[in-house]
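Data first, discussion second: the structure below is written as C-alpha cells.
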Amino acid sequence: MYSRQKRYLGYLIMGIIATLIATILSRNESKNQTHPRDYEEIERSGILKVVTEYNSLSYFVDGDTISGFQYELIKAFAHDKGLKMKITPEMSFEKRLEGLNHGVYDIIAYNILVTSELKDTIALTRPIILNKQILVQRKGDNKDSTYISTQLELAHKTLNVIKGSPSILRIRNLSNEIGDTIYVNEIDKYGSEQLLAMVAHGDIDYAVCDESIAKACIDSLPQLDINTDISFTQFYAWGISKQSPALLDTLNNWLKNYTATKEYKKLYKKYYKD
C-alpha cells in the first residue's frame, strides 16, 4: 500500500511540474505560431506537436521511462509517418483547445467526449475508446450527509471539474433531467488525478472524471467511491483543428488500420485490461 501511495504522490508532483513546464512552453510557442497546420505543413517540418494530460493512464514519467496509452498510441502514429513528436502535458482542457485553435498544437491526444456541441468547435477523429463520466466522492452511507447514492441527490451539490471539460454539458443536462440545480466549479490548475486526490483528502467533496482514470487510481486512494454514474457509456476521440482536414483524414485512416492490429490490442489491454 505504501509503495502505491508513494508512486501516486510522485504522479501528483510530476503533474504539477508538468503544468508549470507546459505553461512556459505554450507561451513561447504562441509567439511563433498563429494558425493551425495541416498535414502537408506538418510533414514538411518533420515535427508533430501534440498536447495531452499528465496522468497515470494517458501520459506519465516512471523513472527514466515515458509511458501511457495516449503517449504510446500517438507515438506509433508519428513513427509510422516518419515524424518526430513534440508532446506537451497540459492539465486545462480549455487551454488545450486554445492551443489547438492557435496552432500551438496539432493534435489533442486525449480522450475527448464526442458531443455535437464540441463538433462545432473542433474536428474529432473516429472513436478510439468507450468510456463514461462518473462521480468521485468519499466512501460513506446514507447516514453520511455528504454521501450520494443516486443522481437525484446531486441537487444543490457542487461538482468540481477540469475547466472547459465536455462533462460540464452532461452535468447541465443531468440537472434538467432531475429537475433541480447542480452547481459546477471549474478548476483550472489541476488535472483529473489531482481532483481525485483533493476529494480523498477532504479538500472538496465531489469531482467528475472519466471512469478509466478513476479506476486506475482507486487502489492508491481506497477511501474513494466511484460507483455513481454521471453519464452513460459514450465514444471518446482525439481533437484536431477544423482547419486541418488532411491531418484528420490521415489520422482516421491510420486509426482504422492500426486499431485492427495485434499491436493495438496489446496496447489497449496494457492500460485498459479491466
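Remarks
- Counting DSSP beta bridges with both ends in the chain, the antiparallel % (nearest 5): 60
- Taking each DSSP H run with n ≥ 4 as -39500 (n - 2.57) and averaging over every residue of the chain yields -13000 deg cm²/dmol at 222 nm.
- Taking every protein chain into account, the accessible area of the range 93-142 amounts to 39 square angstrom per residue (probe 1.4 Å).
- Taking Y236, Y264, Y54 as the candidate residues, the one with maximal mean-square fluctuation in a Gaussian network model of the chain, Cα springs under 10 Å, is Y264.
- Solvent accessible area, Å² - E263, 1.4 Å probe, full protein context: 110
- Residue among R138, R172, R96 with the largest mean-square fluctuation in a Gaussian network model of the chain, springs linking Cα atoms under 10 Å: R172
- With bins 10 Å wide beginning at 0, the percent of Cα pairs of the range 38-174 falling in each bin runs 10, 34, 31, 16, 7, 2, 0.
- In terms of accessible area, using a 1.4 Å probe and ignoring ligands and nucleic acids, V136, V114 rank largest first as V114, V136.
- Using a probe of 1.4 angstrom and keeping all protein chains present, the accessible surface of the range 194-274 works out to 49 square angstrom per residue.
- Greater than 31 Å apart at Cα, pairs in K132/K265; K119/K157; K84/K273; K95/K215; K242/K273; K119/K215: K242/K273
- Gyration tensor over alpha-carbon atoms, the range 155-274, equivalent ellipsoid semi-axes in Å: 30, 20, 14
- Counting DSSP beta bridges with both ends in the range 41-172, the antiparallel % (nearest 5): 35
- Whether the chain is rounded, prolate or oblate, judged on the alpha carbon gyration tensor where a/c under 1.5 counts as rounded: prolate
The values are calculated or read from the model by the stated rules, or taken from the named source; none is laboratory data. Computed from a prediction, not measured in an experiment: that's the story for all the values here. For the accessible areas, the whole protein counts, side chains as well, though only heavy atoms, and no ligand, DNA or RNA atoms are used. Shrake-Rupley method; radii C 1.70, N 1.55, O 1.52, S 1.80 Å.
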